[in-house]
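Below is one structure, written out as C-alpha coordinates; the observations come after it.
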Amino acid sequence: MRIVKTKKELGDIVGEKKAAGLTVGFVPTMGALHDGHLSLVEEARKDSDFVVVSIFVNPTQFNNPEDLETYPRDLDKDIKLLEKYSVEVVFAPSVEEMYPEEDTRHFDFGQLDKVMEGKYRPGHFNGVAQVVSKLFDYVKPDKAFFGEKDFQQLAIIRRLVKDLGMGVEVVGCPIVREPDGLAMSSRNQLLTPEMRKNAPVIAKTLFDSLNFAAGKTVKQTRDAVVNRINETNMLKVEYFDIVDGDTLQTVENWDDSDYIVGCIAVFAGKVRLIDNVTYKNRSHEH
Ligand code: PAF
(Lines give C-alpha, C1' and ligand atoms only; values in the text may rest on other atoms or scores of the structure.)
Protein backbone atom coordinates (compact mmCIF):
# COMPACT_ATOMS: atom_id res chain seq x y z
CA MET A 1 0.00 0.00 0.00
CA ARG A 2 1.38 3.40 -0.95
CA ILE A 3 0.62 6.54 1.01
CA VAL A 4 0.63 9.46 -1.34
CA LYS A 5 0.49 13.13 -0.38
CA THR A 6 0.66 14.93 -3.74
CA LYS A 7 -1.55 15.10 -6.84
CA LYS A 8 1.51 14.60 -9.01
CA GLU A 9 2.48 11.30 -7.39
CA LEU A 10 -1.12 10.12 -7.39
CA GLY A 11 -1.52 11.08 -11.07
CA ASP A 12 1.64 9.18 -12.04
CA ILE A 13 0.51 5.98 -10.30
CA VAL A 14 -3.07 6.08 -11.55
CA GLY A 15 -1.95 7.02 -15.08
CA GLU A 16 0.30 3.98 -15.22
CA LYS A 17 -2.42 1.60 -13.96
CA LYS A 18 -5.06 2.98 -16.33
CA ALA A 19 -2.63 2.74 -19.26
CA ALA A 20 -2.21 -0.93 -18.34
CA GLY A 21 -5.99 -1.36 -18.65
CA LEU A 22 -6.77 -1.67 -14.92
CA THR A 23 -10.05 -0.35 -13.52
CA VAL A 24 -9.83 2.12 -10.64
CA GLY A 25 -12.24 1.99 -7.68
CA PHE A 26 -12.31 5.03 -5.41
CA VAL A 27 -13.54 5.54 -1.84
CA PRO A 28 -13.38 9.20 -0.75
CA THR A 29 -13.38 9.66 3.05
CA MET A 30 -12.60 12.19 5.73
CA GLY A 31 -10.82 9.54 7.79
CA ALA A 32 -11.67 8.34 11.33
CA LEU A 33 -12.58 5.17 9.51
CA HIS A 34 -15.21 2.76 10.82
CA ASP A 35 -16.91 -0.36 9.47
CA GLY A 36 -19.18 1.77 7.26
CA HIS A 37 -16.13 3.07 5.37
CA LEU A 38 -14.60 -0.39 5.32
CA SER A 39 -17.75 -1.81 3.70
CA LEU A 40 -17.23 0.72 0.89
CA VAL A 41 -13.61 -0.39 0.57
CA GLU A 42 -14.78 -4.02 0.36
CA GLU A 43 -17.21 -3.15 -2.44
CA ALA A 44 -14.50 -1.25 -4.29
CA ARG A 45 -12.15 -4.20 -3.84
CA LYS A 46 -14.69 -6.63 -5.34
CA ASP A 47 -15.43 -4.38 -8.28
CA SER A 48 -12.07 -2.90 -9.29
CA ASP A 49 -8.50 -3.91 -10.11
CA PHE A 50 -6.95 -1.01 -8.26
CA VAL A 51 -8.36 0.70 -5.16
CA VAL A 52 -7.66 4.26 -4.06
CA VAL A 53 -8.93 5.61 -0.71
CA SER A 54 -8.63 9.32 0.03
CA ILE A 55 -8.41 10.70 3.55
CA PHE A 56 -8.96 14.42 3.67
CA VAL A 57 -10.98 16.50 6.13
CA ASN A 58 -12.30 19.02 3.64
CA PRO A 59 -12.53 22.47 5.25
CA THR A 60 -14.81 23.93 2.55
CA GLN A 61 -17.72 21.65 3.46
CA PHE A 62 -17.82 22.62 7.15
CA ASN A 63 -20.26 25.44 7.78
CA ASN A 64 -19.46 25.30 11.50
CA PRO A 65 -15.80 26.02 12.51
CA GLU A 66 -16.18 24.13 15.80
CA ASP A 67 -17.34 21.03 13.91
CA LEU A 68 -14.23 21.25 11.69
CA GLU A 69 -11.98 21.66 14.72
CA THR A 70 -13.46 18.73 16.66
CA TYR A 71 -13.84 16.39 13.68
CA PRO A 72 -11.93 13.21 14.68
CA ARG A 73 -8.59 12.59 12.96
CA ASP A 74 -6.29 9.57 13.32
CA LEU A 75 -4.31 8.96 10.14
CA ASP A 76 -2.01 6.29 11.60
CA LYS A 77 -4.93 4.20 12.80
CA ASP A 78 -6.73 4.64 9.46
CA ILE A 79 -3.64 3.50 7.55
CA LYS A 80 -3.34 0.37 9.71
CA LEU A 81 -6.97 -0.49 9.03
CA LEU A 82 -6.63 0.00 5.28
CA GLU A 83 -3.53 -2.21 5.15
CA LYS A 84 -5.78 -5.16 6.08
CA TYR A 85 -7.99 -4.49 3.06
CA SER A 86 -5.19 -4.56 0.48
CA VAL A 87 -5.86 -1.06 -0.74
CA GLU A 88 -3.26 -0.02 -3.32
CA VAL A 89 -3.11 3.72 -2.66
CA VAL A 90 -4.10 6.02 0.21
CA PHE A 91 -4.24 9.64 -0.93
CA ALA A 92 -3.84 11.88 2.14
CA PRO A 93 -3.15 15.41 0.88
CA SER A 94 -2.70 18.59 2.92
CA VAL A 95 -5.15 21.48 2.69
CA GLU A 96 -2.53 23.42 0.67
CA GLU A 97 -2.19 20.55 -1.78
CA MET A 98 -5.95 20.43 -2.38
CA TYR A 99 -6.53 24.19 -2.27
CA PRO A 100 -3.36 25.98 -3.42
CA GLU A 101 -5.70 28.87 -4.02
CA GLU A 102 -9.25 29.54 -2.86
CA ASP A 103 -11.84 27.50 -4.72
CA THR A 104 -14.42 30.06 -5.87
CA ARG A 105 -16.57 27.68 -7.89
CA HIS A 106 -20.29 27.73 -7.24
CA PHE A 107 -22.34 24.71 -8.20
CA ASP A 108 -26.02 24.81 -9.01
CA PHE A 109 -27.97 21.74 -7.98
CA GLY A 110 -31.42 23.22 -8.56
CA GLN A 111 -33.76 22.23 -5.73
CA LEU A 112 -31.60 19.28 -4.60
CA ASP A 113 -29.46 21.28 -2.18
CA LYS A 114 -32.13 23.71 -0.99
CA VAL A 115 -33.64 21.20 1.45
CA MET A 116 -32.57 19.18 4.49
CA GLU A 117 -28.76 19.26 4.93
CA GLY A 118 -28.51 22.01 2.32
CA LYS A 119 -30.99 24.17 4.23
CA TYR A 120 -29.44 23.66 7.67
CA ARG A 121 -25.79 23.59 6.57
CA PRO A 122 -25.48 26.46 4.08
CA GLY A 123 -22.57 25.99 1.67
CA HIS A 124 -22.00 22.39 2.77
CA PHE A 125 -22.80 20.75 -0.56
CA ASN A 126 -20.92 23.37 -2.53
CA GLY A 127 -17.86 22.36 -0.49
CA VAL A 128 -18.57 18.67 -1.05
CA ALA A 129 -18.87 19.30 -4.79
CA GLN A 130 -15.62 21.28 -4.82
CA VAL A 131 -13.62 18.52 -3.17
CA VAL A 132 -15.27 15.58 -4.91
CA SER A 133 -14.85 17.15 -8.36
CA LYS A 134 -11.15 17.76 -7.63
CA LEU A 135 -10.69 14.23 -6.26
CA PHE A 136 -12.42 12.66 -9.28
CA ASP A 137 -10.17 14.72 -11.50
CA TYR A 138 -7.01 13.47 -9.76
CA VAL A 139 -8.02 9.83 -9.16
CA LYS A 140 -9.89 9.35 -12.47
CA PRO A 141 -11.94 6.48 -11.02
CA ASP A 142 -14.11 4.17 -13.05
CA LYS A 143 -16.33 3.72 -10.00
CA ALA A 144 -16.68 5.69 -6.78
CA PHE A 145 -18.35 4.35 -3.64
CA PHE A 146 -20.47 6.36 -1.20
CA GLY A 147 -22.58 5.41 1.82
CA GLU A 148 -26.35 5.78 1.73
CA LYS A 149 -26.31 7.28 5.23
CA ASP A 150 -25.49 10.56 3.49
CA PHE A 151 -28.54 10.16 1.31
CA GLN A 152 -28.66 13.73 0.03
CA GLN A 153 -24.90 13.79 -0.60
CA LEU A 154 -25.27 10.71 -2.80
CA ALA A 155 -28.03 12.40 -4.85
CA ILE A 156 -25.90 15.54 -5.23
CA ILE A 157 -22.83 13.61 -6.32
CA ARG A 158 -24.83 11.69 -8.94
CA ARG A 159 -26.06 15.04 -10.24
CA LEU A 160 -22.53 16.55 -10.16
CA VAL A 161 -21.14 13.67 -12.21
CA LYS A 162 -23.98 14.03 -14.72
CA ASP A 163 -23.70 17.83 -14.97
CA LEU A 164 -19.92 17.76 -15.44
CA GLY A 165 -20.05 14.69 -17.71
CA MET A 166 -17.42 13.01 -15.57
CA GLY A 167 -17.98 9.42 -16.67
CA VAL A 168 -17.64 8.03 -13.14
CA GLU A 169 -20.09 5.36 -12.01
CA VAL A 170 -21.36 6.39 -8.57
CA VAL A 171 -22.19 3.36 -6.42
CA GLY A 172 -24.38 3.79 -3.32
CA CYS A 173 -23.78 1.28 -0.49
CA PRO A 174 -26.15 0.39 2.37
CA ILE A 175 -25.88 1.99 5.81
CA VAL A 176 -23.78 -0.04 8.25
CA ARG A 177 -25.15 -0.03 11.80
CA GLU A 178 -23.87 -0.76 15.29
CA PRO A 179 -25.50 -3.84 16.91
CA ASP A 180 -27.98 -1.50 18.67
CA GLY A 181 -29.00 0.08 15.36
CA LEU A 182 -27.09 3.38 15.52
CA ALA A 183 -25.84 4.26 12.03
CA MET A 184 -22.05 4.21 11.98
CA SER A 185 -20.47 7.64 11.77
CA SER A 186 -17.08 9.13 12.57
CA ARG A 187 -18.96 11.59 14.79
CA ASN A 188 -20.24 8.77 17.05
CA GLN A 189 -16.90 8.80 18.85
CA LEU A 190 -17.64 12.35 19.98
CA LEU A 191 -20.74 11.19 21.93
CA THR A 192 -20.51 11.07 25.73
CA PRO A 193 -21.42 7.64 27.23
CA GLU A 194 -24.83 9.04 28.21
CA MET A 195 -25.51 10.36 24.70
CA ARG A 196 -24.29 7.13 23.18
CA LYS A 197 -26.85 5.26 25.31
CA ASN A 198 -29.66 7.45 23.98
CA ALA A 199 -28.56 7.67 20.33
CA PRO A 200 -30.00 4.29 19.14
CA VAL A 201 -33.49 5.73 19.73
CA ILE A 202 -33.05 7.49 16.37
CA ALA A 203 -32.76 4.29 14.32
CA LYS A 204 -35.31 2.42 16.45
CA THR A 205 -37.87 5.18 15.94
CA LEU A 206 -37.23 5.26 12.20
CA PHE A 207 -37.62 1.48 11.91
CA ASP A 208 -40.76 1.45 14.09
CA SER A 209 -42.22 4.17 11.87
CA LEU A 210 -42.19 1.78 8.91
CA ASN A 211 -45.04 -0.18 10.54
CA PHE A 212 -46.65 2.89 12.04
CA ALA A 213 -46.87 4.48 8.57
CA ALA A 214 -49.31 1.85 7.30
CA GLY A 215 -52.72 3.41 7.90
CA LYS A 216 -51.29 6.78 8.93
CA THR A 217 -50.72 9.92 6.88
CA VAL A 218 -47.28 11.24 6.01
CA LYS A 219 -47.80 14.10 8.47
CA GLN A 220 -48.90 11.80 11.29
CA THR A 221 -45.86 9.60 10.68
CA ARG A 222 -43.53 12.57 10.59
CA ASP A 223 -44.92 14.10 13.77
CA ALA A 224 -44.79 10.77 15.62
CA VAL A 225 -41.11 10.30 14.77
CA VAL A 226 -40.16 13.85 15.76
CA ASN A 227 -42.13 13.71 19.04
CA ARG A 228 -40.79 10.35 20.10
CA ILE A 229 -37.15 11.31 19.51
CA ASN A 230 -37.57 14.71 21.16
CA GLU A 231 -39.06 13.00 24.24
CA THR A 232 -35.73 11.22 24.68
CA ASN A 233 -33.37 12.75 27.11
CA MET A 234 -30.55 14.52 25.19
CA LEU A 235 -31.83 14.18 21.62
CA LYS A 236 -33.21 17.09 19.61
CA VAL A 237 -34.49 16.66 16.05
CA GLU A 238 -33.27 19.34 13.66
CA TYR A 239 -35.42 18.11 10.78
CA PHE A 240 -37.21 14.97 9.72
CA ASP A 241 -38.38 15.19 6.11
CA ILE A 242 -40.26 12.50 4.24
CA VAL A 243 -39.21 13.03 0.63
CA ASP A 244 -39.23 11.69 -2.89
CA GLY A 245 -35.99 9.68 -3.09
CA ASP A 246 -35.00 11.21 -6.43
CA THR A 247 -36.04 14.87 -6.20
CA LEU A 248 -35.66 15.11 -2.37
CA GLN A 249 -38.79 17.27 -2.24
CA THR A 250 -41.24 16.52 0.59
CA VAL A 251 -44.26 14.37 -0.22
CA GLU A 252 -47.73 15.02 1.21
CA ASN A 253 -49.22 11.58 0.53
CA TRP A 254 -47.81 8.09 0.32
CA ASP A 255 -49.17 7.91 -3.26
CA ASP A 256 -47.15 10.94 -4.39
CA SER A 257 -44.14 8.84 -5.35
CA ASP A 258 -43.00 5.25 -5.77
CA TYR A 259 -39.74 6.02 -3.95
CA ILE A 260 -40.11 7.61 -0.50
CA VAL A 261 -37.37 8.11 2.08
CA GLY A 262 -37.40 9.69 5.53
CA CYS A 263 -34.23 11.67 6.27
CA ILE A 264 -33.40 12.90 9.74
CA ALA A 265 -30.81 15.06 11.50
CA VAL A 266 -30.65 14.97 15.29
CA PHE A 267 -28.48 16.79 17.79
CA ALA A 268 -27.09 14.83 20.72
CA GLY A 269 -25.61 17.77 22.59
CA LYS A 270 -23.38 19.45 20.01
CA VAL A 271 -22.93 16.26 17.98
CA ARG A 272 -25.08 16.14 14.86
CA LEU A 273 -26.19 12.71 13.67
CA ILE A 274 -28.02 11.83 10.46
CA ASP A 275 -29.86 8.70 9.37
CA ASN A 276 -32.60 7.67 6.94
CA VAL A 277 -35.13 4.97 6.25
CA THR A 278 -36.90 3.92 3.05
CA TYR A 279 -40.71 3.78 3.25
CA LYS A 280 -41.27 2.86 -0.37
CA ASN A 281 -39.06 1.89 -3.23
CA ARG A 282 -39.80 0.85 -6.75
CA SER A 283 -39.78 -2.87 -6.12
CA HIS A 284 -41.08 -2.71 -2.56
CA GLU A 285 -44.37 -1.06 -1.59
CA HIS A 286 -44.71 -0.01 2.06
O1 PAF B 1 -18.89 11.70 3.03
C2 PAF B 1 -17.77 12.18 3.31
O3 PAF B 1 -17.01 11.66 4.11
C4 PAF B 1 -17.33 13.48 2.64
O5 PAF B 1 -18.42 14.33 2.46
C6 PAF B 1 -16.59 13.25 1.31
C7 PAF B 1 -17.49 12.61 0.28
C8 PAF B 1 -15.36 12.39 1.56
C9 PAF B 1 -16.12 14.60 0.74
O10 PAF B 1 -15.28 15.26 1.62
With all protein chains in place and a 1.4 Å probe, Tyr138 shows an accessible area in Å² (nearest 10) of 40
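What is the dipole size for segment 135-286, taken about its Cα centre, with +1 at each Lys and Arg Cβ and -1 at each Asp and Glu Cβ, in debye to the nearest 20?
Numbers: 20 positive and 22 negative charges, 100 e Å.
Here the size comes out at about 480 debye.
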Listed residue (Val176, Ala155, Leu248) projecting farthest to the positive dipole end of the chain, Cβ model
Val176
Note down, for segment 1-146, the three equivalent ellipsoid semi-axes (square root of 5 times each alpha carbon gyration tensor eigenvalue), biggest first, whole angstrom.
26, 17, 15
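Report, for the chain, the % of DSSP beta bridges that are antiparallel, rounded to 5.
Working: 21 of 40 bridges.
Rounded to the nearest five, the antiparallel share is 50 percent.
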Rg/Rh of the chain (Cα atoms, Kirkwood Rh), to two decimals, equals 0.97
Calculate the length of the line joining the C-alpha centroid of segment 118-134 to that of segment 54-84, in whole Å.
16
With a sphere of radius 12 Å drawn around the Cβ of Thr232, what net charge do the other residues whose Cβ falls strictly inside it have (Lys, Arg +1; Asp, Glu -1)?
+2
What distance in nm separates the two pseudo spin-label positions at Glu66 and Thr192, each 7 Å out from Cα along the beta-carbon direction?
1.4
What area, in nm² and to one decimal, does the C-alpha convex hull of segment 63-205 cast on average over all directions?
10.4
What does the charge count near Lys162 come to, summing +1 for each Lys or Arg and -1 for each Asp or Glu among other residues with Cβ under 14 Å from its Cβ?
-2
Can you give me the relative contact order of the chain as a percent, contacts being Cα pairs under 8 Å and 6 or more apart?
17
Can you tell which of Arg222, Arg105, Arg121 shows the greatest fluctuation in a Gaussian network model of the chain with Cα springs below 10 Å?
Arg105
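The values are calculated or read from the model by the stated rules, or taken from the named source; none is laboratory data. Everything numeric here is computed off the predicted structure, so don't read it as measured data. Methodologically, a virtual Cβ is constructed for each residue, glycine included, from the backbone with ideal geometry; neighbour enumeration extends over all protein chains shown. Keep in mind that these areas ignore ligands, DNA and RNA; they rest on the heavy atoms of the full protein, side chains included. Shrake-Rupley method; radii C 1.70, N 1.55, O 1.52, S 1.80 Å.
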